[in-house]
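Engineer: This is the structure I want to talk about, given as structure tokens.
Derivation of every value follows stated rules applied to the coordinates shown; laboratory data play no part. Fair warning: this is a prediction, and the values are worked out from it, not measured in the lab. All Cβ positions, even for glycine, are placed from backbone atoms using ideal geometry, and neighbour counts span all protein chains on display.
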Amino acid sequence: MLQNINIRKNTSRSKVRNKIIRIWELFREAVSGKEKNHTEGNIKKALFLLAIPMVLEMIFESVFAIVDIYFVSKLGDDAVATVGITESITTIVYAIGFGLSMATTALVARRIGEKKPEEASKVAFQAIVTGAIASIFIAVIGIFYSRDLLGLMGANSTIVNEMSGYTTIILGSNIIIMMLFINNAIFRSAGDAALSMRVLIVANCLNIILDPLLIFGLGPIPAMGVEGAAIATSIGRGIAVIYQFVLLAKGSGQIHLRREHIRIKLKTMKQLIGLSVGGIGQNIIATSSWIGLMRIMAEFGSAAIAGYTIAIRILIFILLPSWGLSNAAATLVGQNLGAEQPDRAEKSVWVAGKINVIFLGLIGVVFYLFPRFFIELFTMDQAIVSNGIQALQIISIGFVFYGLGMVLLNALNGAGDTKTPTILNFISFWLVEIPIAYFLAIHFAWDQKGVFYSIIIAEMTLTLIAFFWFKQGKWKLKKV
């Protein structure tokens, strides 16, 4: 009897050990950067191989936000509020970068699925040029009108007069953010997600080193305060962008930018802009709603804004890996539609959605039960802590809806259907979220709680509508 029990125990241990070894081997394969064909074979494996480097990439991207807010929080409420308000303004840059990256993903992934890497490389260059042109206009506005923008957002006189340099630097160097979006979309949509991950590792290592040096100073390096955080982030990201272009020029993955590709092709640029209008529109609608929410939050003072900002940065840290998983689903949708395998594309989305819902559901429980631990990692100011706890607890209630919604919307974008998510975002964030936030926070005097509850209601609305639309399957017929 005892011998049989020992045999079963050893067999069970052996199975667990073998499973761990298989997962580790898959992990190594995922981050190796080797070319992979995601239009055949096991869907879960394909999703895993794409998602792991994308998730790691998103984690490294979120480290930017976490590191900045950690060091800036040592400078006080106004410094944190400056970062938060600037982040809200910068969402316009993210919206354009997101839209162009969605268009790039749709076209590059489809060409890769069709086995046309040369055409994919041509699309990649046109996307880079389009993003660079858009960033010039944003830089001019940021350099000359940063104080006015902060004033419009309800910032106090200290922020406007003494800390506007942070906003000027971030907006003035927005081309760096734009190139990160587009170049990483090129790598991901070609199935070379590990390259995007490496770029973010480089950027984050530099940012972690430079942030405390430039914010607080050391030896001959003067203390630059909140402006030092902007400079550190721009340098870290800027060097990462240079690294991206080196990889594209060397042809380290499936996309290889050569001299013959460096030509303006207005037809391709027009196609990119046409596709990106939906992507830009949906993201501007979604992210500009955060500007509206921040404007409402400004009515409750710097401590409320600071607590909200810290909570949002923590939430972003968790949501970005989920966005990485949804990006993997978008790539699989694009490549499999290009390979004329719509059923495989749909199955990829449901697998990714299930994983995301479970992951974010568990994280939501942790945030709801232990919010103080996470907020106090950034500040011990109890006025800020209490606001941050309230934001983290309430917003985390809707995590299950966020998990499925982001996968469904990204899948539609990956198919080239950027119009539908635009409409859904408009309904959810402008017809639902902003009005509810205003009435709950101001009219019904719920204060900042009204803003937090409006976020949950909007995300629930978005996910439910997206679910029923996706089930109809019209996205499978989209041609790009």
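Engineer: What are the DSSP H helices in the chain that stretch 30 Å or more along their long axis, judged by alpha-carbon atoms, and whose average Kyte-Doolittle hydropathy comes to at least -0.5?
Structural biologist: 43-72, 77-113, 117-152, 193-216, 226-250, 266-297, 302-338, 342-369, 448-472
Engineer: Oh, and also: Exceeding 18 Å between C-alpha atoms, which entries from my cross-link table qualify? They are 122/476; 44/471; 44/115; 347/474; 419/471.
Structural biologist: 122/476; 44/471; 44/115
Engineer: Of the chain, which part is the longest with no trypsin sites (Lys or Arg not before Pro) in a loop (DSSP not H, G, I, E, B) and with at most 14 other C-beta atoms within 10 angstrom?
Structural biologist: The segment 264-478 is the longest one with no such site.
Engineer: Which of rounded, prolate or oblate describes region 45-477 when judged by the alpha-carbon gyration tensor and an a/c cut-off of 1.5?
Structural biologist: Taking the square roots of the gyration eigenvalues as a ≥ b ≥ c, region 45-477 is oblate.
Engineer: Cβ under 15 Å from residue 257's Cβ, residue 257 left aside: what net charge do those residues give with Lys, Arg +1 and Asp, Glu -1?
Structural biologist: In short, +3.
Engineer: Which order results if 407, 351, 365 are arranged by neighbouring Cβ count within 10 Å, fewest first?
Structural biologist: Ranked by crowding around the Cβ, least crowded first: 365, 351, 407.
Engineer: Size of the dipole of region 45-477 about the Cα centre, Lys and Arg at +1 and Asp and Glu at -1 on the beta carbon, nothing else charged, in debye to 20?
Structural biologist: Rounded to the nearest 20 debye, it is 1700 debye.
Engineer: Another question, if that's okay. Order of 290, 24, 475, 430 from fewest to most other C-beta atoms within 10 Å?
Structural biologist: So the residues, fewest neighbours to most, are 24, 430, 290, 475.
Engineer: While we're looking at this one, here's another question. If each DSSP helix of 4+ residues adds -39,500 (n - 2.57) and the sum is divided by the residues in the chain, what number results at 222 nm, nearest 500 deg cm²/dmol?
Structural biologist: -27500 deg cm²/dmol
Engineer: Could you compute the FRET efficiency for residue 223 and residue 157, with r as their C-beta to C-beta distance and R0 at 30 Å, rounded to 0.05?
Structural biologist: Working from the Cβ atoms, E equals 0.85.
Engineer: Report the local net charge at residue 164: Lys and Arg +1, Asp and Glu -1, summed over other residues whose C-beta lies under 14 Å from its C-beta.
Structural biologist: -3
Engineer: How many nm is it between the label spots at residue 373 and residue 350, if each spot is 7 Å from the Cα in line with the beta carbon?
Structural biologist: Spacing of the two 7 Å Cα→Cβ label points: 3.6 nm.
Engineer: Right, next: Once both labels are modelled 7 Å past Cα along the beta-carbon direction, what's the residue 262-residue 209 spacing in nm?
Structural biologist: In this crude spin-label approximation the distance works out to 2.9 nm.
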